[in-house]
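> I have a structure here, written as structure tokens, and I will follow up with some questions on it.
Just so it is clear, none of the values below were taken in a lab; they were calculated from the coordinates. Computed from a predicted structure; not experimentally measured. Here the Cβ positions follow ideal geometry from the backbone for every residue, glycine too, while neighbour counts run over all protein chains shown.
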Amino acid sequence: MPVYRVVLNSRPGKDAVPVPEHFRLEETTLAPDLQDGDVLVQTLYLSVDPYMRCRMNEDTGADYMTPWQVSECVDGGGVGVVESSRCSTFIEGDVVTSFNWPWQTQAVMKGSGLQKVDPQLADGHLSYFLGAIGLTGLTALLGVREKGHVIKGANQTMVVSGAAGACGSIAGQIGRLDGCVRVVGICGSNQKCKVLVEDLGFSAAINYRQEDVPVKLKECCPDGVDVYFDNVGGEISDKVIAQMNKGGHVILCGQISQYNKDVPYPPPLSKETRETLQMRNITRERFIVLNYMSKADAALFELSQCIKSGQIKVMETVSNGIENLGDAFCSMMKGGNIGKQIIKI
């Protein structure tokens, strides 16, 4: 069976929008014999995520994130099954995952870089290990818990931007479960607004492309905003922060509106927004989930239980075939997905 991989064909440059042609599909070969510690895996699902836009640049702007190299195989979150192993940790048939999975249909990987997962945690939905029961779910749960300071019975209102995306759709549901009386999502289409309210239990949703965000925020958040889960940054975040209460908390998770611009991360704020944060004593701390991995196992188990019980609903947009990775990535960067964008191999 031929093995296919996706390589970075060219860099878009820091100040440009990525297009599918920045990626290239190639046929490749695998070493015929495994070395000690190696595992041969069959790829089942690959993940595309907003942070990957930074990896397309020569400098990612973050010390914990390495850039992709031109003409070399791209990598990210992946899940697959072990076909053969020369690593004592894994046997044939094990389901495994990694944050650094090559975008290949089959791959030889070091066992030390793989983690075995229990399919029962996801009720057999193995793609969930890349999203709701993976790094995305951890980011949502631990972001809300560590930086949101949600208190049951405190009459708090949470706003989530990028609310119909992989992380935002989970974060809003966590906020509701943890005790927020209102959870309002901001997203980019009427269809997404409908999903947030009717399927995911958000109190209200705002279509930033068609509605006046400050006016709608006042309607949906009559007591102001206490917690803001920020996935987008830019103008939308300025408008939300302007309506935040004293002592509020911004969970600085992502800034997708700024990733195609040549600005540092996190991008600088306007003078007015900086003054608002200072005058109202609003915390705004960058959240990096990798700093909280000691809490990962317990958090993943909790996410699994909430999903199995129906308390958290998982949304996915699935594209079939490794040849569609570039299209799926570029679509996701423009908001073409609802929930997690997944590639099924």
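> Among I170, T273, L121, whose Cα projects farthest towards the positive end of the dipole of the chain, with charges put on the beta-carbon of Lys, Arg (+1) and Asp, Glu (-1)?
Of the candidates, T273 comes out farthest on the positive side.
> Rounded to the nearest 20 Debye, what is the dipole magnitude of the stretch 135-290 about its Cα centre when Lys and Arg each give +1 and Asp and Glu each give -1 at the C-beta? Kindly include the intermediate steps, with their values, before the conclusion.
Working: 18 positive and 16 negative charges, 31 e Å.
Roughly 140 debye, rounded to the nearest 20.
> Given Cβ point charges of +1 (Lys, Arg) and -1 (Asp, Glu) and nothing else, what value in debye, to the nearest 20, does the dipole of the chain about its Cα centre take? Numbers along the way, then the final one.
Details: 33 positive and 39 negative charges, 229 e Å.
Approximately 1100 debye in magnitude.
> Additional query: Between M65 and I288, with labels modelled 7 Å along Cα→Cβ, what's the label distance in nm to one decimal, could you check?
1.1
> What is the distance, in nm, between label points placed 7 Å from the Cα along the Cα-to-Cβ direction at E21 and at K313?
4.0
> Turning to a different aspect of this structure: Please give the FRET efficiency for E92 paired with S10, using the beta carbon to beta carbon distance and R0 = 45 Å, rounded to the nearest 0.05. Please list the in-between numbers first.
On the way: r = 38 Å, r/R0 = 0.85.
The formula returns an efficiency of 0.70 here.
> Separation of the stretch 70-128 and the stretch 133-197 by C-alpha centroid, Å?
Taking the Cα centre of the stretch 133-197 as reference, the centre of the stretch 70-128 is 29 Å away.
> Across the stretch 118-167, how large is the tail of the calculated P(r) beyond 17 Å, expressed as a percent of all Cα pairs? Working shown, then result.
Details: 587 of 1225 pairs.
Value for the stretch 118-167 (Cα pairs over 17 Å): 48 percent.
> If you take the alpha carbon radius of gyration of the stretch 118-259 and divide it by 2.2 N^0.38 Å, what ratio comes out, to two decimals? Can you show the working numbers first?
Details: Rg = 14.4 Å, N = 142, 2.2 N^0.38 = 14.5 Å.
Against the compact-globule rule of thumb, the ratio is 1.00.
> A follow-up question, please. Of G143, L303, G153, which is farthest along the charge dipole of the chain in the positive direction, counting Lys and Arg as +1 and Asp and Glu as -1 at C-beta?
Looking along the dipole axis, the top candidate is G153.
> Of I282, V215, Y228, whose Cα points farthest to the positive end of the dipole of the stretch 135-290 (charges on the beta-carbon: +1 Lys, Arg; -1 Asp, Glu; origin at the Cα centre)?
Working it through, the farthest residue towards the positive pole turns out to be I282.
> Run the numbers for E275 and K344: contour at 0.36 nm per residue of separation, minus the present Cα-Cα distance, in nm. Let's see the in-between values first.
On the way: separation 69, 0.36 × 69 = 24.84 nm, distance 4.60 nm.
Contour length minus the Cα-Cα distance gives 20.2 nm.
> Related question: For the stretch 1-142, what is the Kirkwood hydrodynamic radius in Å, using each pair of distinct C-alpha atoms? Don't skip to the answer; put the middle values down first.
Details: mean 1/r = 0.0622 Å⁻¹.
Result for the stretch 1-142 stands at 16.1 Å.
> Springs between alpha-carbon pairs under 10 angstrom, Gaussian network model over the chain: which of G78, G321, G168 fluctuates most?
The residue with the greatest mean-square fluctuation here is G321.
> Taking the Cα centre of each part, how many Å lie between the stretch 278-311 and the stretch 10-59?
27
> At 222 nm, what value in deg cm²/dmol follows for the chain if DSSP H runs of at least 4 each add -39500 (n - 2.57) and the sum is divided by all its residues, to the nearest 500?
Details: 9 runs with 79 residues, N = 345.
About -6500 deg cm²/dmol.
> Continuing with the same structure: Using only the Cα atoms of the chain, what semi-axes does the equivalent ellipsoid have when each is the square root of 5 times a gyration tensor eigenvalue? Give whole Å, largest first. Please report the intermediate quantities before stating the final value.
Values: eigenvalues 252, 100, 60 Å².
Value: 36, 22, 17 Å, ordered largest first.
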